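> Sharing a structure with you now.
Just so it is clear, none of the values below were taken in a lab; they were calculated from the coordinates. Everything numeric here is computed off the predicted structure, so don't read it as measured data. In this analysis, Cβ positions are derived from the backbone assuming ideal geometry, glycine residues included, and neighbour counts consider all displayed protein chains.
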Amino acid sequence: MSSALSASRPARTAASRPARTALTGSPAAPDLSGRAVVVLHAHPDDEAIFTAATMRRLADRGARVVLVMATGGELGEQLAPLRPGESVHGRRLAELEAAAELLGVSRLVLLGRRDSGMMGWPSARHPRALARGRTDRLARRLAEVIDAERADTVLHYDDRGIYGHPDHVAVHRIGALAAAMTGAVSYEATVDRDHLRGRGGTHLIDAASGHTGDYGRAGYEIPVRLSATDAELAAKRAAMAAHASQIAPAAVGGDGFADTYRHEWYLTSHARGILTELAATPS
């Protein structure tokens, strides 16, 4: 991955609200060379769980995918003990870099905030915790990335942070404000709870939300659904597996993976950006 900016970026495009649509792989999909999309996430592994197929498709169509990670995921429970001299931050950064390469990321940007932990944890009071950061300042930093890349689209989370994690909610606020500052089209990653409830709690978000089923949106509320091709699903599986400190092998193995993780979902209120263009392409 390169941290250098490309010499030129296209002007952003304005548009109207898209109709509900599903994205499917198609050889007739538009060439997105010269376009850029900025993807904001809270913790390393979120990009693999929620937007991996989208990122891989964008990269395969020629778009420049810029991944912005808000925290280092320092409070993530480790599935294996740290090696001598290894830190949680260092381990998770290495996993993130591996996953980003698998997903075709052109540039990785670290905002440098600290994992806040779950709602009510004392860690949320840490001075570097993302949940304590000033939304306006962090949004300006994200806006600088959007402007430098001349990106016409930014991906972040829905207003509940998908399942209420303080850092995810902060990512929504930062992403929404940065989109407003720059005029970039905003897509909010979410999940279809109706679809996932029918999968018996096999999606990682079920455990993350305390097995309450209180996450995402009802299917009828979601205007954009991306259905991964087999190749995109394989890239998603590999990216999730790269986060071995957080995601157990059982979560990415087995025949049920495709049923649970093939789809990625987005809310959008007024935008017509890259995802809409892909959605409008005949299959």
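> Neighbouring Cβ atoms within 10 Å as the yardstick, rank Asp45, Asp136 fewest first. Don't jump to the answer; show the numbers that get you there.
Values: Asp45 24, Asp136 12.
Lowest to highest Cβ neighbour count: Asp136, Asp45.
> In nm, to one decimal, how far is the modelled label at Arg125 from the one at Ala98, with both set 7 Å along Cα→Cβ?
Once both label points are built, they end up 3.7 nm from each other.
> In what sequence do Glu97, Glu232, Glu77 fall when counting other Cβ within 10 Å, fewest first? Walk me through the intermediate numbers first.
Working: Glu97 15, Glu232 22, Glu77 7.
By the 10 Å Cβ count, ascending, the order reads Glu77, Glu97, Glu232.
> Per the Kirkwood formula on distinct C-alpha pairs, the Rh of the chain is how many angstrom? The partial results should precede the final answer.
Numbers: mean 1/r = 0.0534 Å⁻¹.
For the chain, inverting the mean 1/r across all distinct Cα pairs yields 18.7 Å.
> For the stretch 75-114 and the stretch 128-183, what is the centre-to-centre distance using only Cα atoms, to the nearest Å?
Cα centroid of the stretch 75-114 versus Cα centroid of the stretch 128-183: 20 Å apart.
> Would you mind ranking Ile222, Ile146 by Cβ crowding within 10 Å, fewest neighbours first?
Working: Ile222 23, Ile146 28.
Arranged by neighbour count, lowest to highest, Ile222, Ile146 become Ile222, Ile146.
> Another question about this same structure. Quick one: among Asp230, Asp192, Asp255, which has the greatest mean-square fluctuation in a GNM of the chain with alpha-carbon springs under 10 angstrom?
Taking springs between Cα atoms under 10 Å, the residue moving most is Asp255.
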